[in-house]
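Okay, so here's the structure we're looking at.
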Amino acid sequence: MKKILILICFLITSLLVKSQTISDIKKSPKYYWGEGSAKNLPQADKNALQDLISQISVNVQSNFNEVLVHENGKTKELIELITKTYSGATLDRAERKVDESKKDQVTVLRYIPKEKMEEIFTDRKRKIFEYIKTAEEAEKEVRISDALKYYNWALALLRSHPDCNKINASINGKPEALILTALPDKINSIFTQLKIEISDIVDKKEEKNIILSIKYQDKPVQNYDFTYWTGDTWTNLNSAKDGIGTADFFGETSGSFSDLRLRTEYIYLENSKVDNEIASVLENTNTPNFKFAELKIPLKKTVKKEKEIPAEINENITKISKKEEVLIADISPEINSNMTLIKKSIENKSALTVKHLFTEEGFKIFEKLINYGNPSLIPQKNKMQQINLGEKTIIRSLPMTFAFKKSNKKFVEEIVFTQDKTGKICNVAFGLSDIALNGILGQSQEFATINEKFQLVQFMEDYKTAYNLERIDYLEQIFSDNALIIVGNVLKQEEKMPMDAMKVNLNIKNINYSKLSKKEFLDKLRTVFKNNEAVNIRFDANTIKKKRIDGKVFGIQIAQNYYSTNYADKGYLFLMIDLEDLSNPKIYVRTWQPEKNPDGSIFGIGDWGGE
């Protein structure tokens with residue numbers, strides 16, 4: 001009975017609202033409204049919505065005066081621009097009344113209850129806190145480009161919120177403070193704690209290659225985006241990885257610089273298109289200028305130590321190598337000779353000259369690598385190392401850059417080679433980041449053998465490489481025919497799983513999960529590869545668990561950064577992998593979610609049958 005009464009009250013209220021005339025609404029203090037006239041309905045509606053936005057901006061102007069008082073004296077215009085950023089949400093919620101009583105003229109009234117407008121403001125406030133939380137996680141993981149992006153996006157949204165002078169929060173565990181001042185301080189502190197040095201300079205004829213060592217709080221950055229001045233213009237975006245970045249100069253001016261002018265990217269206007277709200281804010285409002293984002297670095301070598309496998313990773317390998325006879329060492333003279341030939345073939349873009357060093361499958365992958373963008377070796381005397389693992393030898397790693405014209409971005413990647421028992425290279429892959437690598441190798445001996453750990457490493461590197469080099473054939477091979485595939489909306493469980501008693505717990509608010517069959521998933525990827533000049537994915541922090549302690553089914557949860565010519569995002573990938581047959585691994589479950597669950601978790605092996 002109570003529910004029926006509530007429904008009746010709702011219907012009565014709705015009827016009363018609908019029965020109100022245009023004059024009633026315009027007189028009522030409960031509404032924001034705007035009116036527009038034109039010869040046709042679409043234009044009249046557009047004019048009414050613009051008038052509604054103008055009326056709202058007048059009412060919220062006092063809230064922004066303190067924030068924008070120094071914006072070149074154009075406070076009124078800026079506030080109208082800010083209010084326009086709410087137009088998408090307003091359009092969804094604003095009611096409409098149409099008057100066609102006059103000949104050749106349509107009049108439209110757009111109106112919204114003031115309480116509904118408050119809901120829109122509340123939604124934006126929620127997103128501000130979400131961006132801050134995401135930025136804090138990125139900063140902890142030394143993903144500096146992500147940290148700067150999300151802190152700045154939070155600041156941009158904050159400056160567009162009517163309560164910008166009242167919202168307090170704790171950032172990085174510090175006491176609560178007004179975030180209108182705390183966020184700029186946080187962003188500036190990141191700039192000032194970045195340490196960018198030149199580790200090597202290679203001068204060639206009309207070419208200069210500068211290798212950068214980039215650290216944050218004395219840790220190599222996991223990602224960092226920047227541009228630099230060439231003498232004529234600023235370059236496209238360059239992406240550093242594992243503390244390595246590059247700046248290249250060509251032509252007659254390559255030797256005329258005494259300093260490297262560098263700008264740290266923090267706005268990410270192109271990336272913002274994944275979220276219409278933040279894109280609108282960045283396009284329609286002024287972004288604060290941070291002077292510490294630009295710096296000059298004297299062109300002299302300041303870092304002498306060569307990059308080796310990080311001590312933390314080396315230690316993890318050493319611990320288990322004593323028990324399982326794994327040898328890590330500098331590359332042998334024979335392998336070094338082969339790698340010299342491979343480097344020359346990359347420089348000359350001539351894969352055929354080293355075909356004899358590869359197996360048939362290995363050479364196919366190497367050819368794809370040479371054709372991936374515009375590859376270039378990083379001219380740095382890295383100490384490459386080999387890991388002898390049973391009948392295989394893993395050679396880590398050759399740093400390279402890959403540049404793409406359409407995506408306006410250059411990536412740094414470290415290439416890993418695997419040699420079989422015959423001495424030929426049977427696999428080529430893009431290496432995991434140091435954080436991702438250590439997350440796997442740092443597991444206990446009881447959890448997995450060294451062979452299993454390196455199989456997981458190689459699997460994740462091959463999975464990443466399959467995206468970068470568009471290896472649909474490999475992806476088709478590793479996915480089980482009845483795999484469960486979830487992409488960001490309900491779980492799809494194919495007829496019968498090759499595992500027992502799988503359970504599913506999907507109770508996530510605000511995210512719709514879509515189901516895809518293996519064929520649908522791969523067809524979608526084919527379309528992505530066809531429509532993009534470049535696809536690049538990177539893995540960061542991860543968590544690994546087992547379905548059974550004595551089993552060979554692993555679940556890996558890993559942060560994934562995805563880039564393509566037309567799109568970029570960050571989310572969380574979960575893969576359930578069967579390594580029973582090390583030569584033929586299979587994916588049983590694959591999920592991807594754009595954000596963590598409300599409790600901070602992401603999908604894992606516990607959602608599909610225990611650990």
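The values are calculated or read from the model by the stated rules, or taken from the named source; none is laboratory data. In this text the structure is predicted, and so the values were computed from the model without any measurement. Note that we place each Cβ from the backbone using ideal geometry, even for glycine, and neighbour counts take in every protein chain shown.
Assorted remarks:
- Residue match in the range 453-468 (condition: touching a Ser or Thr at 6+ places or on another chain (Cβ under 8 Å), at pLDDT below 95, closer than 30 Å to Ile144 by Cα and part of a helix (DSSP H, G or I)): yes
- If the condition is being crowded, with 20+ Cβ neighbours inside 10 Å and either of a type outside the set (Phe, Trp, Tyr) or more than 14 Å from Ile187 (Cβ to Cβ) (or both), then the range 131-140 contributes Ile132, Thr134, Ala135, Ala138, Glu139.
- All positions within the range 152-168 that are aliphatic (A, V, I, L, M) and in a helix (DSSP H, G or I): Ala154, Leu155, Ala156, Leu157, Leu158
- Residue match in the range 513-524 (condition: part of a strand (DSSP E or B) and not aliphatic (A, V, I, L, M)): yes
- Asp146, sole failed condition from (1) modelled with pLDDT of 95 or more; (2) in a helix (DSSP H, G or I); (3) under 15 Å from Val221 (Cβ atoms): (1)
- Selection within the range 91-113 - outside any strand (DSSP E or B) and either in contact with a helix residue (DSSP H, G or I) (Cβ under 7 Å, 6 or more places away or on another chain) or outside the structural domain of Gln43 (by TED's automatic domain parsing) (or both): Leu91, Arg93, Ala94
- When restricted to residues that are closer than 21 Å to Ser23 by Cβ and among the charged types (D, E, K, R), the range 87-115 contains 9.
- Scope the range 579-592; condition in a strand (DSSP E or B) and crowded, with 19+ Cβ neighbours inside 10 Å; matching residues: Ile587, Tyr588, Val589, Arg590, Thr591, Trp592
- Count - residues of the range 326-350 that are β-branched (Val, Ile, Thr), touching a helix residue (DSSP H, G or I) at 6+ places or on another chain (Cβ under 9 Å) and within 24 Å of Thr401 (Cβ to Cβ): 3
- Glu119 vs. criteria acidic (Asp, Glu), more than 26 Å from the chain's Cα centre (by Cα), surrounded by fewer than 18 Cβ atoms within 10 Å (Cβ to Cβ) and assigned to a helix (DSSP H, G or I): yes
- Of residues in the range 421-452 being part of a helix (DSSP H, G or I) and either at pLDDT 95 or above or β-branched (Val, Ile, Thr) (or both), the one nearest to Leu357 (Cα to Cα): Ile450
So that you can scan it fast, the table gives a plain yes or no per residue for (1) polar (S, T, N, Q); (2) in contact with a strand residue (DSSP E or B) (Cβ under 6 Å, 6 or more places away or on another chain):
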position: Asn348; (1), (2): yes, no
position: Gly373; (1), (2): no, yes
position: Ile387; (1), (2): no, yes
position: Ser397; (1), (2): yes, yes
position: Ala403; (1), (2): no, yes
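- In the range 568-590, the residues that are closer than 16 Å to Lys518 by Cβ reach residues that are polar (S, T, N, Q) and part of a strand (DSSP E or B) with C-beta atoms within less than 6 angstrom, at least six apart or across chains, in these pairs: Lys586/Ser480; Tyr588/Ser480.
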